[in-house]
Amino acid sequence: MSHRIVQWGTGNVGYHSLLHLIQHPQFELVGLHAYSAEKLGKDAADIIGLTEKTGVIATNDIDALLAIKPDAVVYTANGERRPDDAVADLVRILSAGINVVSTALIYLIYPQHGEPRIREPLEEACRIGNSTLFVNGIDPGFSGDILPLAALQIADQIEGIRIQEVFDYGPYEDAEFTGYTFGFGQPEAFDPVMAMPGVIESGWGGMIKMVAEAIGVQIDSMEEIYERCFAQEAYECAMMKVPIGGCSAVRFQLRGIVDGKPLITAEHVNRLGADQAPDWPQGPDGEPGVHRCTVTGNPSIKLECFVKAKGGDHIGGGVKGTALRVINAIPAVCAHRAGMIHTLDLPYTPSQHII
């Protein structure tokens, strides 16, 4: 069965989402929303560099896109910098009876974790439109729900669960959002967004609570830890120019406390260059990025996941994986009851695109 899809957003994730939707035989691209003026009026193929036209023209006319009445919208616009605008977009789409899979508003990966001012309008929109909303990605997302859920199926006597992203962000050209939010390139006196109380819990607390539900425990509290490493000499990478004394690596943890001890921990170690913060956790030799889940128990289990685009590009692989986590879920989401749902609500959602 083919599903008729509108792609919403053409940025870092939206570019790859659009490409896969065009090429995937299970989906029919019927609409495209773009924000930037230079993309409006262009064929979707021209935006992503394909030669064969699709006949789908980028627009910012929301009424026209809703009138198409697609089976689903793939919403990849940035929601973390513009949550009110993103919620307004999603309310209009869901209220019109259109299902949404989204990589935006990551705190809704586990909807119960979302703030009421964000969650409640979306719940009401799902009710009005009899539509379904699923939010996910790769991290937060796949690495914090699918990986631990897989490991826990052969686990027992669980002492701890650690979910890690260890990634060299140097090749990632996103200084405006990721660079600024993490505080990369900034001096020690700078207070980055990620270090503000509650920010890490907002982003990664949902997946910790989801895993807690899966293993039948209640999180009593959460602890945030944020550390930085600073460059000893100036250097340049695709992300930015890093001055002497500028932040060159970030490590943060969110610990879910149960009965007075950390039970489920989400950890990021992100560097601008493999040689930065050498004493912090590393990936396997020669690997610039890994998503890792370690369950300590009897037995103990370690799963390591390497996502790469063609040519071994771990940044491109991660962005593609972010898009495909929600694209591959479209059939299951469209078949699901109305409402805001999460990974535990869905069956396995493997790709069915075989070449």
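Some observations on this one:
- Meets criteria (assigned by TED's automatic domain parsing to the domain that holds Pro331, part of a loop (DSSP other than H, G, I, E, B) and among the small types (Gly, Ala, Ser)) for Gly55: yes
- Every residue from the range 124-149 that is part of a helix (DSSP H, G or I) and surrounded by 16 or more Cβ atoms within 10 Å (Cβ to Cβ): Ala125, Cys126, Gly129, Phe142, Ser143, Gly144, Ile146, Leu147, Pro148, Leu149
- Options Phe184, Phe190: the member that is aromatic (Phe, Trp, Tyr) and buried (at least 20 other Cβ atoms within 10 Å of the Cβ): Phe184
Per-residue answers, yes or no, for (1) under 22 Å from Gly137 (Cα atoms); (2) modelled with pLDDT of 95 or more; (3) surrounded by fewer than 21 Cβ atoms within 10 Å (Cβ to Cβ):
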| residue | (1), (2), (3) |
| --- | --- |
| Arg4 | yes, yes, yes |
| Leu18 | yes, yes, no |
| Gln26 | yes, no, yes |
| Tyr35 | yes, no, yes |
| Ala44 | no, yes, no |
| Gly55 | no, yes, yes |
| Asn60 | no, yes, yes |
| Leu66 | no, yes, yes |
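- Considering residues of the range 45-90 that are of a type in the set (Gly, Ala, Ser) and touching a helix residue (DSSP H, G or I) at 6+ places or on another chain (Cβ under 6 Å) only, the residue farthest from Thr132 (Cα to Cα): Gly79
- Residue match in the range 272-282 (condition: part of a strand (DSSP E or B) and closer than 26 Å to Gly141 by Cα): no
- Residue selection: Val211 fails the criterion of being in a strand (DSSP E or B) and either more than 25 Å from the chain's Cα centre (by Cα) or surrounded by 13 or more Cβ atoms within 10 Å (Cβ to Cβ) (or both).
- Condition check for Gln276: farther than 21 Å from Val211 by Cβ, buried (at least 18 other Cβ atoms within 10 Å of the Cβ) and of a type outside the set (Ser, Thr, Tyr): yes
Listed here are the residues, each with its yes/no results for (1) of a type outside the set (Ser, Thr, Tyr); (2) touching a strand residue (DSSP E or B) at 6+ places or on another chain (Cβ under 6 Å); (3) not in a strand (DSSP E or B).
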position: Thr10; (1), (2), (3): no, no, yes
position: His20; (1), (2), (3): yes, no, yes
position: Gly31; (1), (2), (3): yes, yes, no
position: Leu50; (1), (2), (3): yes, no, yes
position: Leu66; (1), (2), (3): yes, no, yes
position: Asp89; (1), (2), (3): yes, no, yes
position: Tyr107; (1), (2), (3): no, no, yes
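- Residue in the range 237-251 that is within 30 Å of Asp345 (Cα to Cα), under 21 Å from the mean Cα position of the chain (by Cα), part of a strand (DSSP E or B) and not β-branched (Val, Ile, Thr) present: no
- Phe230 being under 19 Å from the mean Cα position of the chain (by Cα) and in the same structural domain as Ile146 (by TED's automatic domain parsing): no
Yes/no per residue for (1) touching an Asp or Glu at 6+ places or on another chain (Cβ under 9 Å); (2) outside the structural domain of Gln186 (by TED's automatic domain parsing); (3) closer than 20 Å to Glu227 by Cβ:
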| site | (1), (2), (3) |
| --- | --- |
| Pro243 | no, no, yes |
| Cys247 | yes, no, yes |
| Val250 | yes, no, yes |
| Gly260 | yes, no, no |
| Glu267 | yes, no, yes |
| Asp275 | no, no, yes |
| Pro278 | no, no, yes |
| Gly283 | yes, no, yes |
| His314 | yes, yes, no |
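The values are calculated or read from the model by the stated rules, or taken from the named source; none is laboratory data. A quick note: this is a predicted structure, and the numbers were derived from the prediction, not measured. Ideal geometry is used to build each Cβ from the backbone, glycine not excepted, and the neighbour counts take in all protein chains shown.
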